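Here's the structure, in structure tokens; my notes come after.
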Amino acid sequence: MIAPPSAPCRDNSSVESGFPLFDPHRWTAAALVAILVTGVCVLPTHAIAQTTTRPAPRVSYVYPAGGQQGTTFKVWIGGQNLVGSSAAYFSGDGITARVVGYERPLTQREINDLREKQTKLQEKKSASRAKGSSAGSRPTFTDADEKMVAEIRQKLAGPARRPANPQLAETVTLEVTLGQDAMPGDRELRLKATAGLSNPFAFSVSQLPEISEPVVTPTSPTAAKSKRQIDPRTNRPRATMDIPVPVVVNGQVLPGEVDRYRFSATKDQRLTIVVAARALIPFLADAVPGWFQATVALYDSAGHEVAYEDDFRFNPDPVLAYVIPASGDYTLEIKDSIYRGREDFVYRIAVGELPFVTSIFPLGCAFPERGTFELSGWNLPSNKLAVDTKDKHPGTFVVSVRNQGQFSNRVRFALDARPEALEAEPNNTRDSAQPLTMEMIANGRIGRPGDRDMFRVEGKAGATLIAEVFARRLNSPLDSVLTITDATGKTLALNDDYEDKGAGLTTHHADSRASLSLPADGNYFIEVVDAQNHGGPEYGYRLRVGTPKPDFELRITPSTINARSGTHVPVTVYALRRDGFDGDIALSLRNAPRGFGLSGGWIPAGQEKVNLTLYAGSVPLDEPIELTVLGGAMIDGRSTVRVAVPAEDMMQAFAYHHLVTMQRLVALVSGRGVSCRLASNVPLHIPLGGTARVELTIPTTVRGVENVKVELTEPPSGLSVQKVSVRGESLVLTFSCDPATAKVGTKGNLVMQAAGERKASGGKAGKKSSRVQLSSIPAIPFEIVAAPAPRRSS
């Protein structure tokens, strides 16, 4: 919620933070050549490991989801497969944590065992007190027995069955310390358990004092009753919690619950209330109860509602600004919009005279010029902000300001190497259209409802004109519609919404993009309007006008990799291709530990993603490591290298997948696996309508496995595993290619899962064979080729 500065600054001063968002890093030709020479990795040694299949840890919520600098506090993590949790890792510096507890609901078998033990102890206690028998014949009921009875009663006092949501069932407790040097801002938390490293989860470092309601977990059902503070005068739960201001309040919303907080405010205070709820858990996998849609309301001392919000523009988390009309007590109320709730309905509310930027203009500047922006919002130190861009590169960044020692929210701005111009009114008609040149950025805004901005550009016949609006991707509320017309007014291209797969959390792709092959020399007109006829000072945009500039970005999933040393694990790299770039992209690791590498490290021309495998090295590592994957390509004769941004593939409404970017790509390498050598040349050429064979050398630890089954991950159309055989020291895979569905020229990687059976040792009769799970076979590059011409008879 609060952004750190790039350097210390005084109170009441505006500062700029250089946080790149999803930016492709630009590299020199020499750097690309070095990558290509040192290995766009197809490794000579591969792994096929005998492992036990164990689901990775999954964190479902963190409570509280943040804390104040310089404090130590407890954090509860709810999730699944968290047994054996031993450590927690945070992105950034200044945070330490240790695991202090683990709980999970009892299974039915454990409950039955406890009840049986309890019954026996009760019988023993009764027998020890029985009359009519000699003291020597009666059992002795000891203090240890009494203690055990109490412990059993305490365990059975919990839920009588497993909760309805197993993804929340387990709870790990951390003791977290945030140092005074822990920079404010958003972090990622990962938990280390027996099964590996968990998915990343949102965690915030703030400067404000923090208050948390008592935690509620599935293993503490009575906590809900004690969630509210007890009023010492009545010994009854207090309906409203008193809080100081400024403060960050942490809470959980349970079904049907409304949380209320009372605070004192003075006349003319400019109050800001900022909620983080969906920002903490952007997507939930299960439909019931659904997503937390928080609403906030403010009441005066008489109980009258004076302000209410259920969102902030197109963001689902509400932000409320209110000028206090009279000194007194006020009550803040938060709830779900339709009174849903659960343990993972977690929220953070920042309350106080806090700076909040609602918009900036322009939404970007030219690189590497010093940018000057107009600021709008509440409790800001100034309505102007200067940003030095000389140490940055073109891309998207965030900016923050500070007032009275508190940092504001972060807002986005863009840097571009093209020349820029400010929109000049009036430009509402064709006659007043503002002239632009090709390869230019126009910074404008739809300044009032019904406003329309018109631009004129001169083009040549046969040239491709691209006009693209950047607004919603830069947090502008503009829902743009873009139209291109010729000199006669004829519409040649029109676009409302253009989907940008790089905008991971955007559910309404409201920006526009149009591409047009110009039919003749002359002037062309580009019109920008709001689809809803809305407008105002905050409705800013950046209009890019020019010819195609082929480029690409990369995403890699998952952002957390768990592996055994000496094995391969599957990963997926997505290519977000821009302006017609469709060439090969070579993938490699940068500065990885010795022995690490990629198998199938390429994205074939024209494809948007590739499945490949990461070789995790031959030595286990004590701690998680951060990895960087690069993608290199030749575009118009120049080398281009981009960093693959780590991401998670998240689902919305059971249909839509979003590549939600994360801060780090992290791998945990534990234990030892076994490896084998690829004995065939790659890429594997599979003839249309024919077969091709690949052979791997099996290590001694896996030999003797029979009935091996191999399953392709996302198999290419027409390709299948025809035969699997084990021949002595070799595993032989035969692939077939269906001529009816396969296509010559198809390229990619074959990524597979394999399992087999091992006979009972000693050949003992009656003993069943044991199942042996094999790790992913290393990715095998392939190409479908034309079938050889039939031989003519002489």
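Dipole orientation for the chain: of the candidates G290, S204, F596, F596 has the Cα lying most toward the positive pole (charges on Cβ; Lys, Arg +1; Asp, Glu -1).
Here the stretch 442-492 has 48 percent of its accessible surface on carbon and sulfur atoms, given a 1.4 Å probe and all protein chains in place.
Solvent exposure of E711, expressed as accessible area, is near 130 Å², computed with a probe of 1.4 Å over the protein chains only. Of D582, D431, D738, the residue with the largest accessible area leads and the full order is D431, D582, D738 (1.4 Å probe).
Taking the charge dipole of the chain about its Cα centre, with +1 at Lys and Arg Cβ atoms and -1 at Asp and Glu Cβ atoms, the residue from T429, F345, V323 reaching farthest to the positive side is F345. For the peptides 487-495, 544-552, 659-667, the ranking by packing is 659-667, 544-552, 487-495, with the highest mean count of neighbouring Cβ atoms within 10 Å listed first. Charge dipole of the chain (Cα centre as origin; +1 on each Lys and Arg Cβ, -1 on each Asp and Glu Cβ, all else neutral): 4000 debye, rounded to the nearest 20.
May I ask you to give the solvent-accessible area per residue for the stretch 571-668, in square angstrom, as obtained with a 1.4 angstrom probe? For the stretch 571-668, the per-residue accessible area is 40 Å².
Taking amide H as placed 1.01 Å from N in the peptide plane, the amide H of F552 sits under 5 Å from that of R578, each at least 5 places away or on another chain.
The phi torsions of the stretch 476-488, fed into the Karplus equation with coefficients 6.51, -1.76 and 1.60 and a -60° offset, translate into couplings of 7, x, 4, 9, 7, 10, 10, 10, 10, 10, 8, 5, 8 Hz, rounded to whole numbers, with Gly and Pro shown as x. Given contacts defined as C-alpha pairs under 8 Å and at least six residues apart, what's the relative contact order of the chain, whole-number percent? Relative contact order for the chain comes out at 13 percent.
For the peptides 81-90, 181-190, residues were scored by their other Cβ atoms within 10 Å and the scores averaged per peptide; the highest-first order is 181-190, 81-90. Judged by the mean number of other Cβ atoms found within 10 Å, the most tightly packed of the peptides 513-522, 403-412 leads the ranking 403-412, 513-522. Taking Lys and Arg as +1 and Asp and Glu as -1, the other residues whose beta-carbon sits under 10 Å from that of L630 total +2. The HN-Hα couplings worked out from phi for the stretch 499-510 by the Karplus form 6.51 cos²θ - 1.76 cosθ + 1.60 (θ = phi - 60°) are 7, 10, 5, x, 8, x, 9, 7, 9, 10, 7, 8 Hz, whole numbers, x standing for Gly and Pro.
Computed on protein heavy atoms with a 1.4 Å probe, the accessible areas place V528, V785 in the order V785, V528, largest first.
Send over the semi-axes of the stretch 613-676's equivalent ellipsoid, whole angstrom and largest first, taken as the square roots of 5 times the C-alpha gyration tensor eigenvalues.
27, 22, 12
Rounded to 0.05, the FRET efficiency of the L505 and D145 pair, given R0 = 51 Å and the Cβ-Cβ distance, is 0.35. Taking amide H as placed 1.01 Å from N in the peptide plane, the amide H of A87 sits under 5 Å from that of K192, each at least 5 places away or on another chain. Adding -39500 (n - 2.57) for every DSSP H run of four residues or longer, then dividing by how many residues the chain holds, sets the calculated 222 nm ellipticity at -2000 deg cm²/dmol.
Electrostatic bookkeeping for P64 treats Lys and Arg as +1 and Asp and Glu as -1; over the other residues with beta carbon under 10 Å from its beta carbon, the sum is 0. Here the stretch 534-633 is assigned +1 on the Cβ of each Lys and Arg and -1 on the Cβ of each Asp and Glu. Its dipole about the Cα centre then comes out at about 120 debye.
Each of Q122, N562, P381 was placed along the dipole of the chain (beta-carbon charges, centred on the mean Cα), and the one lying farthest toward the positive end is Q122.
The accessible area of H509, taken with all protein chains in place and a 1.4 Å probe, comes to roughly 40 Å². Computed from backbone phi with θ = phi - 60° and the Karplus coefficients 6.51, -1.76 and 1.60, the 3J(HN,Hα) list for the stretch 426-441 is x, 9, 8, 10, 5, 5, 9, 4, 7, x, 10, 9, 4, 6, 9, 10 Hz; x is used for glycine and proline.
Here the ratio of the Cα radius of gyration of the chain to 2.2 N^0.38 Å is 1.12. For the stretch 326-386, report the % of Cα-Cα distances exceeding 14 Å. Within the stretch 326-386, distances greater than 14 Å cover 72 percent of Cα pairs. Cross-link pairs exceeding 31 Å between alpha carbons, from the set K192/K759; K390/K549; K723/K759; K192/K609: K192/K759. Solvent exposure of S476, expressed as accessible area, is near 0 Å², computed with a probe of 1.4 Å over the protein chains only.
The values are calculated or read from the model by the stated rules, or taken from the named source; none is laboratory data. Computed from a prediction, not measured in an experiment: that's the story for all the values here. Note: ideal-geometry Cβ built from the backbone for every residue, glycine included; neighbour counts use all protein chains shown. Note: accessible area is taken over every heavy atom of the protein model, side chains too, but ligands, DNA and RNA are not part of it. Shrake-Rupley method; radii C 1.70, N 1.55, O 1.52, S 1.80 Å.
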